[in-house]
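Trainee: I have a structure here, written as structure tokens, and I will follow up with some questions on it.
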Amino acid sequence: MLRFVILSLTLVTLINSSNIPKTAATPPTTYQNYETFVKTACNSTTYPTMCYNSLSSYSSTIKADPIKLCTTSLSVNLKYAKNATLVVSNLLKNAKFTSSPEVPVLKDCVEEMKDTVDELKQAMAELKNLNGGGISKKEHLKNVNTWVSAALTDDTTCTDEFDEGEVNEETKKKVEKAVSELSKTTSNTLALITNYLRF
């Protein structure tokens, strides 16, 4: 009986000691793996910190799926576009009220922002319809790339006009802040699409 007890205690000790390295080497949780995927993806963009900050909270939705990664990035991108449109639209209303010479430039910028919103929506529709529409995935992806590239061009066109037109410094700062954040997000989205969606 004593031998049995000693043998049992020895086995328990061996089992416990063998578990120590396994516990120390336990892989990170699934969620952490998803966060790593997002971080790695964002490292391929022009503004990786901004990319990770805007997408990390969606890690459990994105998982390690490139399509979900790009769809989520487009969705976040669209929020920035709507915000920039709102900022410029409000400035335009104020300018009209005071008959400011800024009106033409702001009006053009609002149109550029609205075009950006529409183009990002088109890109999202293409991405959601990868297996339909009578065209190949490759053609859908080409269309996505075209729409996002066009959105980025519109962002730049807006700020370029502010450099050329008659605009007061305060208005210019507000527009540049909103549109700059949008441009960076659009640039990141385009990088993710280019690097992670290939058919």
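Trainee: Quick one: in segment 95-147, which of the residues that are of a type outside the set (S, T, N, Q), free of Cβ contacts under 8 Å to residues at least 24 places away in the same chain and outside any helix (DSSP H, G or I) is farthest from residue 69 (Cα to Cα)?
Mentor: Within segment 95-147, the match that is farthest from residue 69 (Cα to Cα) is 134.
Trainee: Taking segment 56-70, which residues are surrounded by fewer than 18 Cβ atoms within 10 Å (Cβ to Cβ) and touching a Lys or Arg at 6+ places or on another chain (Cβ under 8 Å)?
Mentor: Listed by number, the residues that qualify are 56, 61.
Trainee: How many residues are free of Cβ contacts under 8 Å to residues at least 60 places away in the same chain and within 15 Å of residue 82 (Cα to Cα) if we restrict to segment 178-199?
Mentor: We begin by selecting, within segment 178-199, every residue free of Cβ contacts under 8 Å to residues at least 60 places away in the same chain; these are 180, 183, 190, 194, 198.
Now restrict to residues that are within 15 Å of residue 82 (Cα to Cα): 180, 183.
Adding up the residues that qualify gives 2.
Trainee: Taking segment 148-199 as the region of interest, how many residues are assigned to a helix (DSSP H, G or I), more than 24 Å from residue 100 (Cα to Cα) and among the charged types (D, E, K, R)?
Mentor: Going through segment 148-199 one residue at a time, the tally reaches 2.
Trainee: Continuing with this model, one more query. Could you please let me know if residue 86 is in contact with a Lys or Arg (Cβ under 9 Å, 6 or more places away or on another chain), of a type outside the set (Phe, Trp, Tyr), in a helix (DSSP H, G or I) and at pLDDT 90 or above?
Mentor: no
Trainee: Among what's in segment 160-180 and is over 14 Å from residue 104 (Cα atoms) and not aliphatic (A, V, I, L, M), pick the residue that is surrounded by the fewest Cβ atoms within 10 Å (Cβ to Cβ).
Mentor: Residue satisfying both the conditions and the ranking: 169.
Trainee: Look at residue 126 and say whether it is under 20 Å from residue 179 (Cα atoms) and either loosely packed, with under 14 Cβ neighbours inside 10 Å or modelled with pLDDT of 90 or more (or both).
Mentor: no
Trainee: Now for a separate question. If you take the residues in segment 89-112 that are under 24 Å from residue 151 (Cα atoms) and among the β-branched types (Val, Ile, Thr), which one is surrounded by the fewest Cβ atoms within 10 Å (Cβ to Cβ)?
Mentor: Top of the filtered list is 103.
The values are calculated or read from the model by the stated rules, or taken from the named source; none is laboratory data. Remember, it's a predicted structure, so these values are computed and weren't measured experimentally. Note: ideal-geometry Cβ built from the backbone for every residue, glycine included; neighbour counts use all protein chains shown.
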